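None of the figures in this text is laboratory data; all of them are computed from the coordinates on show. Quantities reported herein were computed from a predicted structural model and do not represent experimental measurements. Please note: Cβ atoms are built from the backbone with ideal geometry, for glycine as well, and neighbour counts cover all protein chains shown.
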Amino acid sequence: MAEGENEVRWDGLCSRDSTTRETALENIKQTILRKTEYLRSVKETPLRPSHGLSNAVSLDGLNKLLAHLLMLSKRCPFKDVREKSEFILKSVQELGIRIPRPLGHGPSRFIPEKEILQVGGEDAQMHTLFADSFAALGRLDNITLVMVFHPQYLESFLKTQHYLLQMDGPLPLHYRHYIGIMAAARHQCSYLVNLHVNDFLHVGGDPKWLNGLETAPQKLQNLGELNKVLAHRPWLITKEHIEVSDSFFEVEALMEKMRQLQECRDEEEASQEEMASRFEIEKRESMFVFSSDDEEVTPARDVSRHFEDTSYGYKDFSRHGMHVPTFRVQDYCWEDHGYSLVNRLYPDVGQLIDEKFHIAYNLTYNTMAMHKDVDTSMLRRAIWNYIHCMFGIRYDDYDYGEINQLLDRSFKVYIKTVVCTPEKVTKRMYDSFWRQFKHSEKVHVNLLLIEARMQAELLYALRAITRYMT
Amino acid sequence: MEKMSRVTTALGGSALTGRTMHCHLDAPANAISVCRDAAQVVVAGRSIFKIYAIEDEQFVEKLNLRVGRKPSLNLSCADVVWHQMDENLLATAATNGVVVTWNLGRPSRNKQDQLFTEHKRTVNKVCFHPTEAHVLLSGSQDGFMKCFDLRRKDSVSTFSGQSESVRDVQFSIRDYFTFASTFENGNVQLWDIRRPDRCERMFTAHNGPVFCCDWHPEDRGWLATGGRDKMVKVWDMTTHRAKEVHCVQTIASVARVKWRPECRHHLATCSMMVDHNIYVWDVRRPFVPAAMFEEHRDVTTGIAWRHPHDPSFLLSGSKDSTLCQHLFRDASQPVERANPEGLCYGLFGDLAFAAKESLVATESGRKPYAGDRRHPIFFKRKLDPAEPFVGLASSALSVFEIEPGSGSMSWFVDTAERYALAGRPLAELCDHNAKVARELGRNQVAQTWTMLRIIYCSPGLASATSLNHSVGKGSSCGLPLMNSFNLKDMAPGLGSETRLDRSKGDTRSDTVLLDSSATLITNEDNEETEGSDVPADYLLGDVEGEEDELYLLDPEHAHPEDPEYMLPQEAFPLRHEIVDTPPGPEHLQDKADSPHVSGSEADVASLAPVDSSFSLLSVSHALHDTRLPPDFFSALVCDMLRFYAEQGDVQMAVSVLIVLGERVRKDIDEQTQEHWYTSYIDLLQRFCLWNVSNQVVKLSTSRAISCLNQASTTLHVNCSHCKRPMSSRGWVCDRCHRCASMCAVCHHVVKGLFVWCQGCSHGGHLQHIMKWLEGSSHCPAGCGHLCEYS
């Protein structure tokens, strides 16, 4: 079997042009049928030992293709692709080959599948978002499907994500994914780690790095400590951290490196944020039997390899042994200080993140459970400030008594778990708060949590950078 | 002098005195304000609230207003203002949203007067009315502005900014009822104090938050605003629409802006992040600050001119916990350090150079450009005689033209267009490219191509059998190749000529391919040790001796396999194989010149090429067995590529790289390749050779390069009916549900390449239009336009 002709190219499917998609689908169909035929013919002939291995390999290859097709038949924003994929699957089945079946129950473990928008049932705005996301990534991931409850936010989220991970920037692409892996691993999010591992290999990263942080370049190793602190106790970040990460580089390259560091941060944030939300919605296992990526099956990765010091975790800010001065927003806030610094170090990102914060913070439909025309700003502010409070960030002009009045205990538990130890969220926690509220509202809350946490971490990191620079 | 007297009169006969000085505060300052007598300054911050007296030599702490045991958030000040009518009246804005007034006339230690707790969030700014004793205005994060009458317990009126945070409020100095407010969303509003229901006027001033504003002290209509977008803008508010009259671009977000007294166009700014300096700008010259104060070590948070009629004293407070008085005469003037010199390339390679006249004059040899002698725009402004930068205002401009033709790069363009880089067998590509180069008179390049062909597709390598079994055939194959080698005939005066010239004993080195320093020596050595039969000598001598790299590596290769005797013999047939039957006498000499073998062998050797004798046959097996893989030359070829690249002929380097592909790529590090590719692509694009450059991008194997033509491939189109951008598909508008691009010929929707006439904007499928234009030059849509396509 010549590899060349059996190479399946999925990228044609991402095109917006239906004829291009059709051609691509036709090619896929041909390839798959050819493979199927081949397998069948091999099956009928008596098994020769020399063929045994290649047989297994090609069966494996076919299964991967079929899994991808299955994913497309459910998740592709283009109707023609969905239908055709299903058709191909059916015809393969008729040929006597077992086809994979979906394993999970929708994109989220917490939200029943029927509550979530089905692909194909979206409106024009959502469709555009889906198509964009699909064109850029070749997939519609679970998180997109959950976030589409709030398309306005999703748009901003995808844009930022795309800019950070795929667009031009000072860091090479595989560095970015590696940092993503590091950040996701801190919270033991295997899904996100695998996602980034695949992307990392796809952009040409060195597979050796994946054996552990010590095999990665020094520069990334230096980030390890920073990553750890940032993920769990950002208030401990000092300018020394920045210095350590920097002192290995030449002085003249300092500014450039700062910028990279900055970006690393952003990415960490971005992925942590993604992870947080990923976890809150807890839909870890992928939907299908096989990994849907067209690369080699990545063995279940020991997530802990990517970080050290596993015992390091979140500790209560207030109860923490050493005295850490309260972070006052009036002295260092995102709008005045953080934004300017980020934009200076990594142009345009400040704008994107700023937009995302604004959308998340100001998002409201003026509804609350079954009530309409409610001003939710007070509640949103309480949630936001509560999270910042957990990270030791204080607003002079906020009466923290409000939090106790507005947020009940189970909700607080949920918030704290999601924000500090997202790996421990359970469905019970998710169900026990705000019982009457809609799922979309709960997702909305989660978005708030993500963004608030991200801002908190950014504030600490940026303040350290500012101090380092002055 | 005239100004000085004015100041003196304004100050009532007692001019301010003092020097540049600073004093340490206990805590970072957030804001400062000056008393109207210009002798006291109040500093406020999160944990500081003090009044200092400004004396000639130093600041003296006069009063600490933070009294009481327990620190209250009411004392954590975001802003402070001193009343300009009443020396005893101060107001502070607290970070917890409280507005506090202070009366210094109170006999007790606690001077706190009134407390207004109406704002829900941090109050960013407080401002007293310039002439009214009891009116105070505040602007808060909660989106409200409140006006207080100090004789009452609560606010008189509330102005709503529609939940957009207020960053600054300022009473107009001239218009009694007017005040301006700036917002986090970039808007500036103008309010009438009597009408709290709606603002008089609103406009967007900045992209992002507007942190500050300041009314011009003399000009009624001018308002300066500073924002996070690093701009300071001056607006003329007298016209119907606010008009931007000046714009200063700074290097960091602008936290404060203050007009300089007595200087109509000057304003001082300080930044919120990163940049610690205070700048004084002349708004008419927005690129270089007129003055710069560099005393602070952390961001400056508050600035104030000490006296409303004295332009030379500036006070500032900073996060570094210092309070400074800056004297204008001590300021550093960046313009003095700036080089008033400019350099620019023209479209056709001309070079213009402008410099200070004094500099140019000293260099007598060059005469300034006669035809167009002018001052660069930078110094062209008419300057106020009082301004400090008059002296620099003259400069000379020189223009250097290139001689017509000398810089012509037509060969480059020709070569780029005619080279074949892919799609044919290597041998053909090389031949073709050699031909192109030769026709353009670039013989060295042509020869290189020929050599490449020999190296990588010589018959011996391509089909070993033919050589192996019949030398005669092998030689006939070699014949046409060798012809192109006779450089003597076709390229006199070329650098590589020297390689063949050894017969004359001329050991001029050619550094193109061979290491000349080594060869020079060994050549002489060989001469001396002629007949000595030293294998090592042979090796080196051969290196020197031949024009082709083949020989350089060949012995090395043969050596380990057959170190003793086969060595020379092996080399000869090889030489023969390529050199074939050379007609020129220099070739024979060439042979004789190879001085390395003992007599008998030399005889055989020199005979061998002429008549393919049995000696040759006898070694042909050995030759075949140790067939030279082209790998052996890759080092040399790489050197050659580097040489070309260094010579500036990156075209050659890249072309060879592409043509040879895998054969050499692995031997040159990625970065160098990338560098060559980018340089070449850049050059091609400068010559508008888009197709060639795209071909090069496509053929490149370097990831960084090949992604070049995958970036920004999106083409944004607007609907031809509703003029809105079409987001999802390129041919159907989502909004008006019409097909936007119809082919004028076939009346179908164009989904692929759409070509249209820029005159009448009709068009259609590329193919259809091309076909149509063969028959008619009028527009296919029937509009009567004579369409033009380029």
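Remarks
- Extending 7 Å from Cα along the Cβ direction at B:Arg36 and again at B:Leu766 yields two label points whose distance is 7.7 nm.
- Note on A:Thr215 and B:Phe348: with the Förster distance fixed at 56 Å, the Cβ-Cβ geometry gives a FRET efficiency of about 0.55.
- Zone of A:Gln436's modelled label, taken as backbone nitrogen in region A:365-383 under 19 Å from a point 7 Å along Cα→Cβ: A:365-380
- Along region B:246-259 the Karplus relation, 6.51 cos²θ - 1.76 cosθ + 1.60 evaluated at θ = phi - 60°, assigns HN-Hα couplings of 9, 8, 10, 9, 9, 9, 8, 4, 9, 8, 9, 9, 9, 5 Hz to successive residues, with x for each Gly and Pro.
- Residues of region A:126-145 with amide N under 14 Å of the 7 Å Cα→Cβ point at A:Tyr365: A:126
- Cα Rg, Dmax (largest Cα-Cα span) when computed across region A:304-469, Å: 16.9, 51
- If R0 is 35 Å, the Cβ-Cβ spacing of A:Val413 and B:Thr158 corresponds to a FRET efficiency of close to 0.30.
- Peptide B:774-786 is shielded by partner chain Cβ atoms: per residue, an average of 0 of them sit within 10 Å of its Cβ.
- For B:Met292, the residues whose amide H sits under 5 Å from its own are B:Val280, B:Ser332, ignoring neighbours fewer than 5 places away on the same chain, with H placed 1.01 Å from N.
- Note on B:Ser47 and B:Thr17: with the Förster distance fixed at 22 Å, the Cβ-Cβ geometry gives a FRET efficiency of about 0.10.
- Sorting B:Met273, B:Met145 from the fewest to the most surrounding beta carbons within 10 angstrom yields B:Met273, B:Met145.
- Cα coordinate range in region B:49-99, projected on the principal axes (Å, largest first): 37, 28, 16
- Long-range Cα-Cα pairs in region A:405-470 (distance over 15 Å), rounded percent: 60 percent
- Working from label points 7 Å from Cα in the Cα-to-Cβ sense, the B:Ser679 to A:Thr376 distance is 5.9 nm.
- Local electrostatic count, B:Ala268, Cβ distance below 11 Å [Lys/Arg +1, Asp/Glu -1]: +2
- Residue-by-residue Karplus 3J(HN,Hα) for region B:652-666, coefficients 6.51, -1.76, 1.60, Hz, glycine and proline x: 4, 4, 5, 4, 5, 4, 6, 5, 7, x, 3, 4, 10, 4, 5
- Flagged links, alpha-carbon separation over 31 Å, of A:Lys372/A:Lys427; B:Lys435/B:Lys771; A:Lys424/B:Lys319; A:Lys159/B:Lys698; A:Lys35/A:Lys159: B:Lys435/B:Lys771; A:Lys424/B:Lys319; A:Lys35/A:Lys159
- Cβ-based exposure ranking for B:Phe128, A:Phe411, in which fewest neighbours within 10 Å come first: A:Phe411, B:Phe128
- Between B:Thr322 and B:Leu25, B:Ala29, the built amide H atoms are under 5 Å apart, and every one of these is 5 or more places off in sequence or on another chain.
- A simple rule links phi to the HN-Hα coupling: the Karplus curve 6.51 cos²θ - 1.76 cosθ + 1.60 with θ = phi - 60°, which for region B:761-772 gives 6, 9, x, x, 4, 4, 4, 4, 5, 4, 5, 4 Hz, with x for Gly and Pro.
- Summing Lys and Arg as +1 and Asp and Glu as -1 over all other residues whose Cβ lies under 10 Å from the Cβ of B:Asp219 gives a net charge of +1.
- Amide hydrogen proximity for B:Arg256: with H placed 1.01 Å from N in the peptide plane, the residues at 5 or more positions away or on another chain lying under 5 Å are B:Cys270.
- Cα-projected label distance for B:Ala133 with B:Gln671, points at 7 Å along beta-carbon direction, nm: 7.5 nm
- Within 10 Å of the Cβ of each residue in A:395-402, the mean number of Cβ atoms contributed by other protein chains is 5.
- Spherically averaged projected area of the convex hull of Cα atoms, region B:206-297: 5.6 nm².
- Subset of A:Lys79/B:Lys751; B:Lys125/B:Lys153; A:Lys208/A:Lys356; B:Lys70/B:Lys230 violating a 30 Å alpha-carbon distance limit: A:Lys208/A:Lys356; B:Lys70/B:Lys230
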